[in-house]
Amino acid sequence: MASKGSEAMVSNEMGDLDGDSLIMHRTGRPGKIEIIASKPLVTQRDLALAYSPGVAAPCVEIHKNPDTAYDYTVRGNLVAVISNGTAVLGLGDIGALAGKPVMEGKAVLFKRFADVDCIDLEVDTKEVDEFVNCVRFLGPTFGGINLEDIKAPECFIIEQRLREAMDIPIFHDDQHGTAIISAAGLINALHLTGRDIKDVKLVVNGAGAASIACIELIKAMGLPHENAILVDTKGVIWQGRTEGMNQWKSAHAVRTKARTLKDAMEGADVFFGLSVKGAVTKDMVRSMADKPIIFAMANPDPEITPEDARAARPDAIIATGRSDYPNQINNVLGFPYIFRGALDVRARTINEEMKVAAAEALAKLAREDVPDEVDRAYSGRRLRYGPEYIVPVPFDPRLISVVSSAVAQAAMDSGVARRPIPDMAEYRRQLSGRLDPTNHWLQSLFEQVKANPQRIVFAEGEEERTIRAAVVFRDNGYGTPILIGREEQVREAMSTLGITDTTGMEIHNARLSTRNATYTDLVYGRLQRDGFLRRDVQRMVNQGRNVFGACMVAMGDADGMVTGLTRRFPECYGDIKRVIDPEPGKVAMGYSIVVARHGTVFLADTSINETPSPEELATIAKQMVKNARTMGHEPRVAFMSFSNFGSREIERIDRIRKAIRILGSEEVDFEYDGEMQADMALDYELLKSTYPFTRLTGPANVLIMPGLHSAHISSRLMQALGGVTVVGPVIDGLKKPVQVVQMGATVSDLVNHAALAAYGALSRKR
């Protein structure tokens, strides 16, 4: 195991991103995936049902009817990502084992975007026969196979042979994923330019797996064979050429006088690039037809930059593979949802009809009105159908219902579905509710901050983790980090970390600041009747970085603040409240977001109010309802206790009952009930069967805790036990956005809370 010293060295040598990635991958449980039991295995009977002797019953049923494996096992929601590591990202042939982190990453995307369970398999062979047999013999385990990062031409042979040998979906994403997303973009680009696919001239540069898949799918959509010119490193693939040819290239050879990419580009309507940086020049773009369509998809750098393409032809529609330009051709728009639809109808294969359906669904979705939450996430440009928005963005929550249902319908229509879906409208509703909206909201938060950068104070500016977090904050485009500390010490720490670029960052020494007198006036005006002398306040501003940072925020010199790395929460918050007051009508409180496998639960107050009054409890509930709705949840509020609906008569419970009566008198627009124990709140069947009079219509997702002791213990306990992700505590209810991390927080924690502060500032400006 590497030491912390070696981690720092990695960061110095490889940069923050690479170094932090290595740390992330090996911290805690190494890697990115794990297997979790989906059924309780606590009692002897649980074990008897899950394994011997009870497990014999589903085995017998599957033996009688193999299709019942989908009913009794995970097969119907299990995909394997399989590679031999011969074409890994831009790294080339690095071998099966070295490619494993990529395959694990692909498995994570399957789960995150489509709730598809996925495991990675790295097959250590370059022999086609060995690879095919290995995968074929594992077929009974999986509902689908995603081939990944296999070099051409072997990938064509492997996929074809596996499709012939197996009766489950086989999908090589490097080929078909790219083809489907680019086809969706092409559909809309043709629509915007008034073209018919039967009449356009297409040039494809690059003759690898993705290129050939693109040209084949577009031909399946109606492009005439003779209208497509394929170009490789040796030039145009023309009928009669023998050099560097194979059967897959030969299938797309055409009669043409063009011999070079430059020749082929003259008069072309559409260019698809899946080749190398700089392959296309401005002159080539100028030679294209009116309103040219240019998909420069080489990664990480396109064949021609959008800036250069637009300089040559302002009327061009341009797409790339990069997220920092409009119209990103991103495979994550396709493969999770394609498999979701294929698995749900138990498809025998993924055929051309399903691919076309996915492309058409994506194209249609881009033409629809974009929901406000998606628009906000990508603000800075309005997401409206047009030349700079021809494909949806990856974090559009509608993708799972739109694309998956289209794929499922195409599978049924083409006769490859073994379990047709009788009610597609209901199926789409189920898909929409399959993913927890919290993840989408968190991503949306970061995108909104990126589009509207803010000035955020990092109060503990001399700490190495704080400095690294500030660099990440800046590099991600979230805004300007303001480090509070002695400049010499801050720069020395930066030098140790290998950070030489300090542009876009500020360092403020509290003692030497020209704003000291103003800040002292502010704080002294607030504390002079609390026994503080002016010299006490002066010392507080000069030496207290939290006080100084809070003053910057209060006076508008910064938009928000993050602290807490080296000091306990009470000390940090005590300094902050000397400067910043709660918002009128609100209670300053902290809440934690608990993201579990089966949904998100909010806990409050987890950080500030030791024993909230009934009025404070009612206000906290209303604030949490607003927060939950902002994150896409319909709140069901439960007031927590060790008592259920009056089963214990003590004074502490009376506070909770009074809070409930306050809400009752206000006729609020959300569900609430209590007091109740945690198991009742989270197990709706238990709650309803025991207390049929409950006002709740489902399990509670907002838990209002009776006091700080229970709230803090609960949130920390869940965090320590694992199995859930706990975000927070997030401070809410102050006039200015300030966030306090837990002592010992990671770089990611600091960045996340800084982004939360930035988001809070942005929300107040709207």
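Sort out which residues of the stretch 1-18 are under 29 Å from PHE110 (Cα atoms) and either at pLDDT 75 or above or of a type in the set (A, V, I, L, M) (or both), and write them in order of number. Break it down into steps so the answer makes sense when it comes.
Going through the stretch 1-18, the residues under 29 Å from PHE110 (Cα atoms) turn out to be 14-18.
Within the stretch 1-18, MET14, LEU17, ASP18 meet the criteria.
Restricting to the stretch 496-520, what's the tally of residues that are assigned to a helix (DSSP H, G or I), surrounded by 15 or more Cβ atoms within 10 Å (Cβ to Cβ) and free of Cβ contacts under 8 Å to residues at least 40 places away in the same chain?
4
Does ASP67 fit the bill of being among the acidic types (Asp, Glu), assigned by TED's automatic domain parsing to the domain that holds THR141 and over 30 Å from LYS100 (Cα atoms)?
yes
Residue by residue, here is whether (1) within 27 Å of GLU34 (Cα to Cα); (2) touching a Leu at 6+ places or on another chain (Cβ under 9 Å); (3) assigned to a loop (DSSP other than H, G, I, E, B) holds:
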position: PRO729; (1), (2), (3): yes, yes, no
position: ALA745; (1), (2), (3): yes, yes, yes
position: ALA754; (1), (2), (3): no, no, no
position: TYR759; (1), (2), (3): no, yes, no
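If we only count helices (runs of 4 or more DSSP H) wholly inside the stretch 528-629, which ones have 2 or more residues that are free of Cβ contacts under 8 Å to residues at least 40 places away in the same chain and aliphatic (A, V, I, L, M)? Spell out the reasoning first.
Working: elements: 534-543, 545-554, 569-577.
Because the criterion is at least 2 residues that are free of Cβ contacts under 8 Å to residues at least 40 places away in the same chain and aliphatic (A, V, I, L, M), the helices (runs of 4 or more DSSP H) in the stretch 528-629 that meet it are 534-543.
Regarding ILE23, is this residue over 27 Å from PHE335 (Cβ atoms), at pLDDT 75 or above, within 33 Å of the chain's Cα centre (by Cα) and buried (at least 16 other Cβ atoms within 10 Å of the Cβ)? Full working, then the answer.
Values: over 27 Å from PHE335 (Cβ atoms): yes; at pLDDT 75 or above: yes; within 33 Å of the chain's Cα centre (by Cα): yes; buried (at least 16 other Cβ atoms within 10 Å of the Cβ): yes.
In short, yes.
Quick one: is ILE456 among the hydrophobic types (A, V, I, L, M, F, W, C), under 30 Å from GLU488 (Cα atoms) and under 25 Å from the mean Cα position of the chain (by Cα)?
Taking the combined requirement at face value, the residue satisfies it.
Considering each of GLU130, GLU122, GLU154, GLU159 in turn, give the residue that is touching a His at 6+ places or on another chain (Cβ under 8 Å) and among the charged types (D, E, K, R).
GLU159
Evaluate the following for CYS118: is it within 20 Å of ALA37 (Cβ to Cβ), hydrophobic (A, V, I, L, M, F, W, C) and within 27 Å of the chain's Cα centre (by Cα)?
Numbers: within 20 Å of ALA37 (Cβ to Cβ): yes; hydrophobic (A, V, I, L, M, F, W, C): yes; within 27 Å of the chain's Cα centre (by Cα): yes.
The answer is yes for CYS118.
Kindly indicate the residue of the stretch 80-115 that is on the phi > 0 side of the Ramachandran plot and within 23 Å of the chain's Cα centre (by Cα) and also surrounded by the most Cβ atoms within 10 Å (Cβ to Cβ) among those meeting that condition. Talk me through it step by step, then tell me what you get.
Within the stretch 80-115, the first condition is being on the phi > 0 side of the Ramachandran plot, and the residues that meet it are 85, 89, 92, 95, 115.
Subsequent filtering for residues that are within 23 Å of the chain's Cα centre (by Cα) retains 89, 115.
Values: LEU89: 12, ASP115: 15.
The extreme case among them is ASP115.
When the stretch 648-681 is examined, which residues are found to be touching a residue at least 40 places away in the same chain (Cβ under 8 Å), surrounded by fewer than 19 Cβ atoms within 10 Å (Cβ to Cβ) and within 34 Å of the chain's Cα centre (by Cα)?
Of everything in the stretch 648-681, those that are touching a residue at least 40 places away in the same chain (Cβ under 8 Å), surrounded by fewer than 19 Cβ atoms within 10 Å (Cβ to Cβ) and within 34 Å of the chain's Cα centre (by Cα) turn out to be VAL668, PHE670.
For the stretch 424-439, state whether one or more residues are part of a loop (DSSP other than H, G, I, E, B) and on the phi > 0 side of the Ramachandran plot.
no
Suppose we keep only residues that are over 14 Å from VAL730 (Cα atoms) and touching an Asp or Glu at 6+ places or on another chain (Cβ under 9 Å) within the stretch 598-616. Which one would you say is surrounded by the fewest Cβ atoms within 10 Å (Cβ to Cβ)?
Step by step, filter the stretch 598-616, then rank; the result is HIS598.
Name the residue, out of VAL738, VAL730, VAL724, that is surrounded by fewer than 22 Cβ atoms within 10 Å (Cβ to Cβ), among the aliphatic types (A, V, I, L, M) and touching a residue at least 40 places away in the same chain (Cβ under 8 Å).
Going through VAL738, VAL730, VAL724 in turn, the sole match is VAL724.
The values are calculated or read from the model by the stated rules, or taken from the named source; none is laboratory data. Everything numeric in this text was worked out from a predicted model, so none of it was measured. Heads up, the Cβs are rebuilt from the backbone with ideal geometry, glycines too, and the neighbour counts pull from every protein chain shown.
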